[in-house]
Amino acid sequence: MAAGGDAASARRAWLYVDSLTPHLFVPTAERPVRAKLRELSGDTRVLPHQHAWAQLAISVTGTVHLRVPSATFVVPPRRALWIPPGVEHAVTLVETAELRTLYIYQAEGQCGPGPGDSASNLWRRCRVLEVSELMRALVCDLPTEPDGGPAPSAAQLARERHVSALLLDELRQATQLDLRVDMPRDKRLHSLCQAVLDDPLAHDSLQAFAHNSGASPRTIARLFRQELGCTYLQWRQQVILAKAVELGASGLAIGQIAAELGYTPSAFSAMVQRACGLSPVRFLGMQTR
């Protein structure tokens, strides 16, 4: 199965696009939150880029993967990824998705929804956050027209500032979700880990993973401990859990999710219970409430 998964990944025809006109949505002190709406087809990859401002990427429909140098984040529908200013990131769409992007103004020295959040290290790293119904409504209310067209009226700007202020307050209170999959620096190991992300059923053992890398299982095990601080199976389990949330967001039942991931329902339940201390129903319900 591993070889087949690798072959399928190699055959995949990706559509590479640039960073989608961020220069037309630059946030300012007067307009601190700018919103951009794009529908992108599956098999699209947005090339690596970075911004001087913070970003909140929200998947309204469809699941996206956002990659930073040290990790990949799975962002299913109604979830959002906070990206601090200056962090290089790339986007991979595994299915057609409606992607709303918020660009958030950061005053000098600021890192977070507001100046008072800058002292917290929480906002200095990427985080997957739960999108409440209120936050979703506020995001959808923000205008998505780019710069260069008719200027908004004074009344429109006043409303936009009110919506932005409430949105930033709601963002500050959002619950963090552990959908991060750490990625290694070693290029050979990184490419193989990416293959597992593309097909979680590939390389179901350290021996299979090592065979495809051309290195010994002992070498691969050492690299995982050195670079990621975990075993291969622990890392792959995080991939499986992230994929389970993605499948749950698409509406699949627990039994279907287990089958898609190569588990019997009982084995899947035991794995989730060991990893998270929750039943699959509670785990997936926590992610989708």
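Here are the numbers for this structure:
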{"read-out": "Residues that are more than 15 Å from Ala80 (Cα to Cα) and not aliphatic (A, V, I, L, M), drawn from the range 170-186", "value": "Asp182, Pro184, Arg185, Asp186"}
{"read-out": "Helices (runs of 4 or more DSSP H) wholly inside the range 219-286 that include at least 1 residues being in contact with a Lys or Arg (Cβ under 9 Å, 6 or more places away or on another chain) and open to solvent by 60 Å² or more (accessible area, probe 1.4 Å)", "value": "254-260"}
{"read-out": "Residues of the range 172-218 satisfying the condition of being open to solvent by less than 50 Å² (accessible area, probe 1.4 Å) and at positive phi", "value": "His203"}
{"read-out": "The lone exception for Ala158 - which of (1) modelled with pLDDT of 95 or more; (2) in a strand (DSSP E or B) it fails", "value": "(2)"}
{"read-out": "Residue that is surrounded by the most Cβ atoms within 10 Å (Cβ to Cβ), among those in the range 131-155 that are touching a helix residue (DSSP H, G or I) at 6+ places or on another chain (Cβ under 8 Å) and acidic (Asp, Glu)", "value": "Asp141"}
{"read-out": "Residues of the range 17-46 classified as surrounded by 12 or more Cβ atoms within 10 Å (Cβ to Cβ) and under 19 Å from Asp169 (Cβ atoms), total", "value": "6"}
{"read-out": "Criterion: open to solvent by less than 10 Å² (accessible area, probe 1.4 Å) and of a type outside the set (Asp, Glu) - qualifying residue of Val60, Val74, Val87", "value": "Val74"}
{"read-out": "Only listed residue being part of a loop (DSSP other than H, G, I, E, B) and within 29 Å of Thr61 (Cβ to Cβ), chosen from Gly109, Gly149", "value": "Gly149"}
{"read-out": "Tally of residues being modelled with pLDDT of 90 or more, farther than 21 Å from Trp235 by Cα and part of a strand (DSSP E or B) across the range 48-83", "value": "10"}
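The values are calculated or read from the model by the stated rules, or taken from the named source; none is laboratory data. The structure displayed is predicted, hence computed values, not measured ones. Cβ coordinates were reconstructed from backbone atoms using ideal geometry, including for glycine residues, and neighbour counts include every protein chain displayed. The area values use the complete protein model at the heavy-atom level, side chains included, leaving out ligands, DNA and RNA. Shrake-Rupley method; radii C 1.70, N 1.55, O 1.52, S 1.80 Å.
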